[in-house]
Amino acid sequence: MRENLTKIALPAGTLLAFAVLWQFAARRYPPEQFPAPSDVVRAIAELAANGTLWNNIGISLARFTGAYTLAVIVAIPLGLFLGRFVRCHQAVDPLVQVLRPISPIAWFPLAVLWFGIGNAPAVFIIFLAAFYPVLLATISAVRAIPPVYLKVATNFGAKPVMTFLRVIVPAAFPGIMVGLHIAVGTAWIHLVAGEMLGAQSGLGFMIVDARNFLRTDWIMAGMLVVGILGLAIYRGMRAIEHVIGRRWGVSQ
Amino acid sequence: MSSGKRLVKISLAGVEKWFRSGRGQEQIVLSQLDLEICAGEFVCLVGPSGCGKTTLINLLAGFERPSAGILEIDGRPITAPDPDHIMIFQDYGLYPWKTVLSNVLFGLQARRIPAAEARERALAALELVGLTSSIQRRPFELSGGMKQRVAIARALAVEPSVLFMDEPFAALDAFTRLHLQDELLRIWSEKRPTVVFVTHDLDEAIYLGERVVLMAPNPGRIQRVIDIDLAYPRERTSDDFVVLRRKLFEEFHLVHQQAVNATEYSI
């Protein structure tokens, strides 16, 4: 009981202190330059009331979900394949290692050139941001499967398809989950970047658009919403991970 | 009980295994092994580390290929792992995402046995190892001894004619180990598979085996094959047991001494 109370009270206290400090600091500057939390809350209410906020949240979430799902659908099978076939991995690894350090944002000029302004460049950037963590986690998860699992499968005469679906995929799953988790974070960060650069809608666009009107309070409102949604997605992911971890017998 | 009257199940003739090291030098792991194991026999392989006993059981189970010599089960050369010859590992090899029952079902499903029959056989195997009440639990909820019972049940469910056991009880505490030794003997006397049991524990070898194959390192070879002419169930404190134990210990000590000397020279 006491434990739970401190668990809530400590972070709540920090947040409150942060808001108070912010409020006092903001008093020293004009609101166009540094809006106070009260201004930001008012801005959120305003954006929510006229529908802009909900509209942009919806678009951003749809884009994020679409691009993330696409990345997962491509990266997991590819990772399973490359993890299983060492020679293929040796062949492809240098290419992946060169492409991976390139920030997805660096692809933006090409993405706009290829796909035009709109949904596609943003989706492409989120896709890239989610793709590499999932791919690399899947490869290493497959390679980390204890040899004894495969020995048992061979010993009992399991056919390759059965070994793949019933042993390799579930054995790699907790490791893949780590990649999915990391990818959610990087993809969400790049969502805003992608929308700021190439889109005409979404939370990222909302922030850029607010800058054009010098509505600093809307900028901060957008940032705050991005942060809160990011936290919610991350928490949701962790809950799923926990359930799966229990089911897979890796955590208790 | 004499092994002469029984059918030869596993035979090794001039079996060798060598590896090429990084510098291109050949390292002989097993040298000139000749051995015959009869159907239904319980044979223990013992020896100090580096004597190649694990390599040998991996050759027998078909996980590795010999570099030379003939290795046969039922008169056929061993070319690959076979569902009729099941290996039991020290670290159990259970799938942690499956329940106890699903783990035991795995081998039956690999053989495409119809679901109803598979379930029946899996439950029977689990009953044999005394795990009927734990079938819906997952491996992480089980003790080491229970995990090894699941692995044994998984093997028994497919009714193999040979069980290869690679130090299966080495990771268990002493009490559980003694208990599982008795369980294994009970199952063996009931089902009569051929058992090849690798251990580094001499007492375990004498308690379990009809024959004990003592191996020596540098290069890995068979030093001596000792018949254990004691009736089951064996009494660990009986005079005969103690005499055999002393004999084997002396032999083992000799082998061990050679191994120590050899490593000193090679440095």
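The values are calculated or read from the model by the stated rules, or taken from the named source; none is laboratory data. Since the model is a prediction, treat every value here as computed from it, not as a measurement. All Cβ positions, glycine included, derive from the backbone under ideal geometry; neighbour counts span all protein chains shown. SASA here: full protein model, heavy atoms, side chains in, ligands and nucleic acids out. Shrake-Rupley method; radii C 1.70, N 1.55, O 1.52, S 1.80 Å.
Observations, loosely collected:
- Being at pLDDT below 95 and either away from every other protein chain (no Cβ under 14 Å) or in contact with a strand residue (DSSP E or B) (Cβ under 6 Å, 6 or more places away or on another chain) (or both) is a description that does not apply to B:L142.
- Of all the listed residues (A:R166, A:R235), the sole one being more than 22 Å from A:I57 (Cα to Cα), part of a helix (DSSP H, G or I) and open to solvent by 70 Å² or more (accessible area, probe 1.4 Å) is A:R166.
- Condition broken by A:R28, with the remaining ones in (1) part of a helix (DSSP H, G or I); (2) loosely packed, with under 15 Cβ neighbours inside 10 Å; (3) at pLDDT below 95 satisfied: (1)
- Residues being open to solvent by less than 70 Å² (accessible area, probe 1.4 Å) and out of contact with any strand residue (DSSP E or B) (no Cβ under 8 Å at 6 or more places or on another chain) - total across segment B:5-41: 1
- In segment B:19-137, counting only strands (runs of 3 or more DSSP E) that sit wholly within it, the ones holding 1 or more residues that are over 19 Å from B:K9 (Cβ atoms) and either in contact (Cβ under 8 Å) with a residue 40 or more places away in the chain or within 13 Å of chain A (Cβ to nearest Cβ) (or both) span B:26-38, B:42-46, B:68-73.
- Single match in A:L15, A:L70, A:L61, A:L82 (criterion: farther than 29 Å from A:A199 by Cβ and surrounded by fewer than 17 Cβ atoms within 10 Å (Cβ to Cβ)): A:L15
- Test: A:A91 is touching a Pro at 6+ places or on another chain (Cβ under 9 Å), over 27 Å from B:A80 (Cα atoms) and assigned to a helix (DSSP H, G or I): no
- A:F127 vs. criteria out of contact with any helix residue (DSSP H, G or I) (no Cβ under 9 Å at 6 or more places or on another chain), open to solvent by 20 Å² or more (accessible area, probe 1.4 Å) and of a type outside the set (K, R): no
- Here is the figure for segment B:159-193: residues that are surrounded by fewer than 18 Cβ atoms within 10 Å (Cβ to Cβ) and under 12 Å from the mean Cα position of the chain (by Cα) total 1.
- Residue match in segment A:245-252 (condition: touching a strand residue (DSSP E or B) at 6+ places or on another chain (Cβ under 8 Å), within 14 Å of chain B (Cβ to nearest Cβ) and among the basic types (K, R)): no
- Listed conditions (1) under 28 Å from A:I44 (Cβ atoms); (2) open to solvent by 40 Å² or more (accessible area, probe 1.4 Å); (3) modelled with pLDDT of 95 or more are all met by A:L150, apart from (1).
- There is at least one residue in segment B:239-255 that is farther than 30 Å from A:F156 by Cα, open to solvent by 10 Å² or more (accessible area, probe 1.4 Å) and in contact (Cβ under 8 Å) with a residue 60 or more places away in the chain.
- In segment B:113-123, residue farthest from the chain's Cα centre (by Cα) [restricted to those that are open to solvent by less than 60 Å² (accessible area, probe 1.4 Å) and small (G, A, S)]: B:A118
- Of the listed requirements (1) over 19 Å from B:E141 (Cα atoms); (2) open to solvent by 60 Å² or more (accessible area, probe 1.4 Å), B:E127 misses just one: (1).
- From the options B:I78, B:I57, B:I88, residue that is in contact with a helix residue (DSSP H, G or I) (Cβ under 8 Å, 6 or more places away or on another chain), closer than 13 Å to B:F164 by Cα and of a type in the set (V, I, T): B:I88
- Exactly one residue out of A:F131, A:F156, A:F205, A:F173 is within 13 Å of chain B (Cβ to nearest Cβ) and either at pLDDT 95 or above or more than 30 Å from B:F63 (Cα to Cα) (or both), and it is A:F156.
- Residue check for B:V213: crowded, with 23+ Cβ neighbours inside 10 Å and in contact with a Lys or Arg (Cβ under 9 Å, 6 or more places away or on another chain): yes
- The lone criterion from (1) within 24 Å of A:I73 (Cα to Cα); (2) in contact with a Ser or Thr (Cβ under 7 Å, 6 or more places away or on another chain) left unmet by A:V161 is number (2).
- Verdict on A:P104 being more than 11 Å from chain B (Cβ to nearest Cβ) and either crowded, with 19+ Cβ neighbours inside 10 Å or not hydrophobic (A, V, I, L, M, F, W, C) (or both): yes
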